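K.L.:
Starting off with a structure, shown below.
The values are calculated or read from the model by the stated rules, or taken from the named source; none is laboratory data. Since this is a predicted model, take the numbers as computed values, not measurements. Backbone-built Cβ (ideal geometry, glycine too); neighbour counts: all protein chains shown.
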Amino acid sequence: MQECVPFVVIHVTMVAMDSRTSAPPPDESRYFLQCVQGQFERSARIVSLPDHIRTILSQPKNEIIVNFPVHMEDGSYKLFKGYRIQHNNILGPYKGGLRFHPDTRLDECKALATIMTYKCALMDIPFGGGKGGVRCDPRALTETELMRVTRRFTHALGNNIGPDYDIPAPDVGTNGKMMVWIMDTYMNTAGHAGRSSAQARVVTGKTLECGGSQGREKATAQGLVHCLTEWARDKGMSLEGKTALVQGYGNVGSHTAMILARLGVSIVGVADHTGHVLNPEGFNTHRLADHVKKHGSIEGYSKSQVVTRDEFFSYKADFFIPAALQNQIGAREAKLLQVKLVAEGANNPTMPDGEDELEARGIDILPDVLANAGGVTVSYYEWVQNGRHETWDLEEVETRLEKAMKRTYQRVVDFSRENKCRMRDAAHALALLRLKQVYDQRRIFP
Ligand code: NAD
């Protein structure tokens, strides 16, 4: 068996730090973590969470940092920094995505891992919360370099991940193909246990050919649309003829746009890391997705009007779907938005002052832990299928997902009405109550 590697720093003399990984303002990811901790405190008060559970959940169980060298195609060696944060595993193995982004930081991973603990608890999935990533710009790497970074990172994590211990998945900058590289690296290096094909469960979000689940790629978007559909039903609103703005046109954003378009919603504005575009007639969401696949961004897409960020946020529509990064909607953006609903595909896109402003203006929010939980839900289905050596058809996955999303949506709405609190507080409170049940019975070791 490979040794456990809780903290690895590899010193290599021939290392030039990657100039493409310039640092963001040092306090941005700290602020993100503070936002998540503030939300935790609010919901902990609502459910009168005992102090000892509050203390345990206030910090991750494990914080793993690895520095690893990669041989680049130009012959140089570069040192990359990777993280895996294991927030809590009282309900089951740590679970959460891997983010490959130039701004990936420890505090960002801590915040995202905490969110995963709540999400799994809220959905009543037997998983805990984890998150990780590598500080790199995947767009600036060749395919070979990306594979080397992914494999070397997996190797550096060693048996800190595992099919019954910690199970990564795709997030920003990662995809099914990279999950397969992780699976392959793990199975080739994890000792005798790696001989079992059930070890493919070490990672979810894999390609279909390599053990992925039907419906996983679009699962986060599909789950979000189930919540949005339920919200519209509650309001007595039909989706046909409505309009939406989508920020981020990667996995979550593009699939949400395509599913909504099928339901008659016109996608009138789209944004990504290269800019913001509008089309009052509504974008052809599939053609735009093909453009992004081919060119890496929405830039250069014909039939679109390039606008500023402020013009994008202030464009009148029914729904705003943030599906990019955290901390996108502050008070300023919330004042600009002319929508009825913000449905959070991204994790923590709304900052506390943004949430206050949206609430004051009567704009509803479907919070991330509920709205984007379809991804981890189908990841769980993938993990179950791999363990049982089964393949479920798309209909079975979709039926299960729809039931899970609608049931949880209703529980959150009911709690929020009964306790006169925000949907976000209700979702977090329900998650904390689930965790408390287990802590109350297991108590604290020894
Ligand atoms: P992705 O890498 O596929 O797409 C990210 C998108 O965001 C890209 O279109 C990118 O151009 C855009 N973007 C990046 N920086 C931006 C900026 N500053 N302004 C505007 N757009 C920007 O990632 P994804 O998997 O679609 O994840 C998007 C969000 O959804 C993240 O917050 C992620 O944590 C969350 N999420 C993803 C999943 C999943 O299953 N992939 C599940 C739950 C939550």
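K.L.:
Please enumerate the residues belonging to region 416-429 that are assigned to a helix (DSSP H, G or I) and in contact with an Asp or Glu (Cβ under 9 Å, 6 or more places away or on another chain).
P.N.:
If the condition is that a residue be assigned to a helix (DSSP H, G or I) and in contact with an Asp or Glu (Cβ under 9 Å, 6 or more places away or on another chain), then Ser416, Met423, Arg424, Ala426, Ala427 are the ones that fit.
K.L.:
Let me ask something additional. When you scan region 362-374, do you find a residue that is part of a loop (DSSP other than H, G, I, E, B), among the charged types (D, E, K, R) and away from the ligand (no atom under 13 Å from the Cβ), even just one?
P.N.:
no
K.L.:
Condition first: out of contact with any Asp or Glu (no Cβ under 9 Å at 6 or more places or on another chain) and under 26 Å from Arg84 (Cα atoms). Now tell me which residues in region 41-57 satisfy that.
P.N.:
Result: Glu41, Ala44, His52, Thr55, Ile56, Leu57.
K.L.:
Another question, if that's okay. Give region 117-143 a look and list any residue that's of a type outside the set (Gly, Ala, Ser) and within 18 Å of Arg99 (Cα to Cα), or say none.
P.N.:
Once the filter is applied, which keeps residues that are of a type outside the set (Gly, Ala, Ser) and within 18 Å of Arg99 (Cα to Cα), region 117-143 yields Thr117, Lys119, Lys131, Val134, Arg135, Cys136, Asp137, Pro138, Arg139, Leu141, Thr142, Glu143.
K.L.:
Suppose we filter Thr377, Thr391 for residues that are surrounded by fewer than 16 Cβ atoms within 10 Å (Cβ to Cβ) and among the hydroxyl-bearing types (Ser, Thr, Tyr); which single one remains?
P.N.:
Step by step, each of Thr377, Thr391 is checked, and only Thr391 is surrounded by fewer than 16 Cβ atoms within 10 Å (Cβ to Cβ) and among the hydroxyl-bearing types (Ser, Thr, Tyr).
K.L.:
Out of the residues in region 229-253 that are more than 22 Å from Tyr381 (Cα to Cα) and of a type in the set (A, V, I, L, M, F, W, C), which is farthest from the ligand (Cβ to nearest atom)?
P.N.:
The extreme case among them is Met237.
K.L.:
OK, next. Out of region 369-428, which residues are under 16 Å from Arg42 (Cα atoms) and touching a strand residue (DSSP E or B) at 6+ places or on another chain (Cβ under 8 Å)?
P.N.:
Arg422, Met423, Arg424
K.L.:
Here are some residues: Ala156, Ala113. Which one is under 24 Å from Glu344 (Cα atoms), in a helix (DSSP H, G or I) and either under 19 Å from the mean Cα position of the chain (by Cα) or away from the ligand (no atom under 12 Å from the Cβ) (or both)?
P.N.:
Ala113
K.L.:
Quick check, is Asp353 surrounded by fewer than 18 Cβ atoms within 10 Å (Cβ to Cβ), modelled with pLDDT of 95 or more and in the same structural domain as Phe283 (by TED's automatic domain parsing)?
P.N.:
On the way: surrounded by fewer than 18 Cβ atoms within 10 Å (Cβ to Cβ): yes; modelled with pLDDT of 95 or more: yes; in the same structural domain as Phe283 (by TED's automatic domain parsing): yes.
Yes.
K.L.:
Please specify each residue of region 297-320 satisfying the condition of being in contact with a helix residue (DSSP H, G or I) (Cβ under 7 Å, 6 or more places away or on another chain) and either near the ligand (Cβ under 10 Å from one of its atoms) or more than 16 Å from Thr285 (Cβ to Cβ) (or both).
P.N.:
Ile298, Asp310, Phe313, Ser314
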